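The values are calculated or read from the model by the stated rules, or taken from the named source; none is laboratory data. This is a predicted model, so every value here is computed, not measured. Cβ: placed from backbone, ideal geometry, glycine included. Neighbour counts: every protein chain shown. With ligands, DNA and RNA removed, areas are computed over all heavy atoms of the protein, side chains included. Shrake-Rupley method; radii C 1.70, N 1.55, O 1.52, S 1.80 Å.
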Protein chains: 2
Amino acid sequence: MGLEPYIPGEQPKDKKYIKLNTNENPYPPSPKVLAAIKAAANDSLKLYPDPEGEELRSTIADYYGLKKEEVFVGNGSDEILAFAFMAFFDPGRPILFPDITYSFYPVYAKLCNLNYEQIALNPDFSLPVNQFFRENGGIIFPNPNAPTGRAVTLNEIEEILRYNGNSVVIIDEAYIDFGGTSSIRLISQYPNLLVVQTLSKSRSLAGLRVGYALGNENLIGALNTIKNSFNSYTLDRLALAGAKEAIKDEEYFQQIRKKIMATRKEVSDELLKLGFKVVPSQANFVFISHPIFPAQKIFQQLKERAVLVRYFKQSRIDNYLRVSIGSDEEMKIFLQRIKEIIQDKQGLPK
Amino acid sequence: MGLEPYIPGEQPKDKKYIKLNTNENPYPPSPKVLAAIKAAANDSLKLYPDPEGEELRSTIADYYGLKKEEVFVGNGSDEILAFAFMAFFDPGRPILFPDITYSFYPVYAKLCNLNYEQIALNPDFSLPVNQFFRENGGIIFPNPNAPTGRAVTLNEIEEILRYNGNSVVIIDEAYIDFGGTSSIRLISQYPNLLVVQTLSKSRSLAGLRVGYALGNENLIGALNTIKNSFNSYTLDRLALAGAKEAIKDEEYFQQIRKKIMATRKEVSDELLKLGFKVVPSQANFVFISHPIFPAQKIFQQLKERAVLVRYFKQSRIDNYLRVSIGSDEEMKIFLQRIKEIIQDKQGLPK
């Protein structure tokens, strides 16, 4: 098939790194989540899980003021995106997504034999909304975008939804809880809108594999048809139990997401002082570039100093680094290492 | 797409049933599995799991005397079968599977736009091996077969593998640990053989969602390409930890699988005494038919008496019931209820 699989951020095992390369949350999951998982680790694991995930879906629906029939749950938002590409996108017309975006989209498109056109972001990495006013077989973009961290306004999203009444528009909100405005409130007005979220980032559960999609009942029904033609039980009993508690522990959630946003502000200010360009971020990472020191070199030298960040060898962004927001302590070390590198003569460009 | 999703066995919540309808194991998972899951329910859930499942794959490889590169792990054998249909089967030629078999196969075929031909089983539900000697785009069947429980010999499988050197032949061994002979020993000779197994049945872990595929490195590589074009992390940290212990606790595994085979023998003998035809089973269920009492009627009356078995309204098997082997206590009640029904006048055919 000539597929080129997605390559996730590296998880090296050779030494202990400060991992700022896969946008994981530096804070642990809610203690209530861990307690619920331990309680679910019992003899009932011999039985299949609820294939419909009814309890978790009800919990998510209540949380957002939606109906259970407007909620789909899956094995991480990646699995849900794969199902959505299979369910909604039209092989006859090109699907649209930005040229700088989550690098899994072209992989899904190839898996599903879909043509795609990449919409070039503006030079400041903002989304050129009017470029989505053309014939297409479906639209997808993250809000905030990855790896830039830039968010789109709800007005802009509404313009895209209104123009594209005949296409499904997927807003990938993996990073929405760090400052963006969710499109969930638009679901009642736009039956062509699917919003996808994950527990991996803002709920500190990358290791549990739970995501969800919210949208019109017909869209959710179509996702269920694909899922039930693929794997009846995508979420195990432990993931279902833990995810429910994660959604319910609002206090803990607010606390850690606000903490990460505060750290992001502090780190961004420090980086600006060091001469970095910092793309305005509404995500749990910053996308940065230095006018003198090449990104790839900083990436390598950080790695030698046991700090992992993400570098994409890709046109337009090959002088940028994506740095996940870790704990205050991790970011302090990151900033120290950055200072060492740009003050060290070896860091000068060749 | 006109998909008709697979429908799993019912999981009613209206009252407490004796569940003999989804081939779950009546015995709990190994205590070591539960302990490992509880230990893994810690702060590290904030981090992504190992996308390659290296430790689990090594454990499985060691257990079967294979290389890690000959092992693929996934979210239940259902997910692995879906990936395998996508990876190996040729849309240009019909794929082959039995007419009476796991009802998910035609669903996968439709999802992947594959043509298929169903090979009619012999009247005794044995596999007509020579019917697989024809041009095809791939072959799949369970050994033992579901819902009949009949096993195929390794000689028969070798004949099919030898004739079909240009097709991938998938042996779905979900029920192999209850008396069949695994094809794993043929992997070194036949690069076109993929063996798929699951922890759901013989390891009592239907609720954990873990399966694995074993085969030539090239086949495993192709499965990885599909999986990494779909979802980088299909197994969460808890499933990876629990599954590893399940494979390692050989003593517990031997104990419960032998217990189920012993119960199957006892239940089969009792059913034969009651006049039932019992298809010889190498699985954790029996497939039964009564010469006088219609299966659908027995199914309904068992359900009213809080015993769930599986009935398939499908040509050739619509007078059969599939009964999972439960604990001795459950099977005692099942047999009591069966006796009540066939002795009760209401049970007489109309």
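Here are the numbers for the structure shown:
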quantity	calculated
Candidate set: the range A:286-310, residues that are within 25 Å of the chain's Cα centre (by Cα) and part of a helix (DSSP H, G or I); chosen: the one surrounded by the fewest Cβ atoms within 10 Å (Cβ to Cβ)	A:Gln300
Flag for A:Lys38 being in contact with a Lys or Arg (Cβ under 8 Å, 6 or more places away or on another chain), open to solvent by 30 Å² or more (accessible area, probe 1.4 Å) and at the interface with another protein chain (Cβ under 9 Å from one of its Cβ atoms)	yes
Condition met for A:Asp43 (closer than 25 Å to B:Ala243 by Cα, out of contact with any Lys or Arg (no Cβ under 9 Å at 6 or more places or on another chain) and either within 13 Å of chain B (Cβ to nearest Cβ) or open to solvent by less than 20 Å² (accessible area, probe 1.4 Å) (or both))	yes
Matching residues in the range A:165-217 - criterion: being among the acidic types (Asp, Glu) and open to solvent by less than 20 Å² (accessible area, probe 1.4 Å)	A:Asp172, A:Glu173
Residue check, A:Leu66 more than 11 Å from chain B (Cβ to nearest Cβ) and either within 19 Å of B:Leu111 (Cα to Cα) or surrounded by 23 or more Cβ atoms within 10 Å (Cβ to Cβ) (or both)	no
Of the criteria (1) modelled with pLDDT of 95 or more; (2) within 19 Å of the chain's Cα centre (by Cα), which one A:Tyr48 fails	(2)
Selection within the range B:10-25 - part of a loop (DSSP other than H, G, I, E, B) and within 8 Å of chain A (Cβ to nearest Cβ)	B:Gln11, B:Thr22, B:Glu24, B:Asn25
Any hit, the range B:73-94, residues being open to solvent by 10 Å² or more (accessible area, probe 1.4 Å), among the charged types (D, E, K, R) and more than 30 Å from A:Val33 (Cβ to Cβ)	yes
Only one of A:Gly242, A:Gly207, A:Gly221 that is more than 8 Å from chain B (Cβ to nearest Cβ) and either touching a helix residue (DSSP H, G or I) at 6+ places or on another chain (Cβ under 7 Å) or not aromatic (Phe, Trp, Tyr) (or both)	A:Gly221
Residue among A:Leu240, A:Leu219, A:Leu272 that is outside the structural domain of A:Leu208 (by TED's automatic domain parsing) and not acidic (Asp, Glu)	A:Leu272
Residues within the range B:122-150 that are surrounded by 15 or more Cβ atoms within 10 Å (Cβ to Cβ) and over 23 Å from B:Asp78 (Cα atoms), tallied	5
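Per-residue answers, yes or no, for (1) open to solvent by 10 Å² or more (accessible area, probe 1.4 Å); (2) assigned to a helix (DSSP H, G or I); (3) over 20 Å from A:Lys67 (Cα atoms); (4) touching a Cys at 6+ places or on another chain (Cβ under 6 Å):
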| site | (1), (2), (3), (4) |
| --- | --- |
| A:Ala222 | yes, yes, no, no |
| A:Ser229 | no, no, yes, no |
| A:Thr234 | no, no, yes, no |
| A:Ala239 | no, yes, yes, no |
| A:Ala262 | yes, yes, yes, no |
| A:Glu266 | yes, yes, yes, no |
| A:Glu270 | yes, yes, yes, no |
